[in-house]
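Worksheet for the structure shown next.
Each value in this text was obtained by applying a stated rule to the coordinates, not by laboratory testing. All figures in this text were calculated on a predicted structure; none of them were measured in a lab. Positions of Cβ are generated from backbone atoms using ideal geometry, with glycine treated the same way; all protein chains shown enter the neighbour counts.
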Amino acid sequence: MRFLDAGKGSQVDGMAELKSYFRRFGYLPIPPENTTFTDLFDDEFENALLSYQKNLGIFETGKLDSDTMKVIVSPRCGVGDSDSYSTNGKKVKTTRRYAYFYGAPRWVRRSPITLTYAFSQTHTIDYVSHSDVRLAFERAFARWSAVIPVNFKESEDYSVADIRIGWYGGDHGDGEAFDGVLGVLAHAFSPENGRFHLDAAERWAVDFDEEKSKAAVDLESVATHEIGHVLGLGHSSVKEAIMYPSLSPRTRKVELRIDDVEGVQALYGSNPNYRYDSKLESDISLGCGVDLERRKRLMMWTVTVVILEIMIFLIHLI
Ligand SMILES: [Zn+2]
Ligand SMILES: [Zn+2]
């Protein structure tokens, strides 16, 4: 791969295209009028690369190393990552892990909030049955409503639904053209826009046993991610989080992680029926809150062990 291990000062064929990729996801500004990106690995590109590595949870080397190249070539969401430059006029504010769109917009409705969603009748795919599509979305919406006091209800009326879901190909009039197979998979707009678009050029799957294509993309995983955007979440740098921007083909990733839950609950509060689920902790490592919980459990465990030892000791004495 020609970019591999390129660093500052190198001149590499195709670097201009890579810069456009970085521009597209918010890491570089549009080049000044009547100029184009050059093939030079310059300071500006190095800064862009460092902030990309930080946002995507990759070791911050400032070089196009193999870990970075792997992430760059994986399929991903079309919504930008960085808070430096906007891709569609909407800036994205990044925090260490979860992030919001600029200004942290959310759906403002009288509580309990119910948002309606509808599928376009015209922008559809024909090789997955409509009932399978509906079920995949129903499960995806349910995961978010389990943690926040927001309900989602399917509506027949696409024109007035809060969230409008459809498959589109190439340039489809919102300034965020799709790019064919893989690359960008889908995008959704920040609150309270409600547009939710999937790239019609992908091979969408609801069941990998039936869909054998190597490039197949799991519909439910992408739906769960894009609903996060619809609710107001930006991209997370936590690889295991639903809101991480990339998803490999033939991969199912549908469970919210603690990072997603904390992010969305900071916007909407907690669903009163939500109970902290220890399954969420498998992505551990990352949250201080989680570490604290783990430490508490560890302490209880230690206490239990000590008590057991004392009992064993006493039994021996008897
Ligand atoms: Zn996204
Ligand atoms: Zn679109």
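The table below gives the values:
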item	result
Whichever residue in the range 228-250 is among the hydroxyl-bearing types (S, T, Y) and surrounded by 15 or more Cβ atoms within 10 Å (Cβ to Cβ) and, among such residues, is farthest from ligand 1 (Cβ to nearest atom)	S237
Hits in the range 213-228 - residues which are in a helix (DSSP H, G or I) and either within 12 Å of ligand 2 (Cβ to nearest atom) or touching a Pro at 6+ places or on another chain (Cβ under 8 Å) (or both)	E226
Index of the failed condition, E17 passing every other in (1) in contact (Cβ under 8 Å) with a residue 24 or more places away in the chain; (2) under 15 Å from M69 (Cβ atoms)	(1)
Matching residues in the range 186-212 - criterion: being among the aromatic types (F, W, Y), in contact with a helix residue (DSSP H, G or I) (Cβ under 9 Å, 6 or more places away or on another chain) and in a loop (DSSP other than H, G, I, E, B)	F189
Among residues of the range 152-182, those that are closer than 19 Å to E202 by Cβ and aliphatic (A, V, I, L, M), counted	4
Residue identified as more than 17 Å from G78 (Cα to Cα), aliphatic (A, V, I, L, M), touching a residue at least 12 places away in the same chain (Cβ under 8 Å) and more than 16 Å from ligand 2 (Cβ to nearest atom) among A142, A136	A136
Tabulated pairs, the range 162-177, first hydrophobic (A, V, I, L, M, F, W, C), second within 16 Å of ligand 1 (Cβ to nearest atom) and outside any loop (DSSP other than H, G, I, E, B), C-beta under 7 angstrom, 6+ apart or interchain	I163/F196; I163/V230; I165/F196; W167/L198
Residue in the range 60-67 that is assigned to a helix (DSSP H, G or I) and closer than 27 Å to A186 by Cα present	yes
Those residues of the range 146-165 which are under 22 Å from the mean Cα position of the chain (by Cα), surrounded by fewer than 19 Cβ atoms within 10 Å (Cβ to Cβ) and outside any loop (DSSP other than H, G, I, E, B), in sequence order	N151
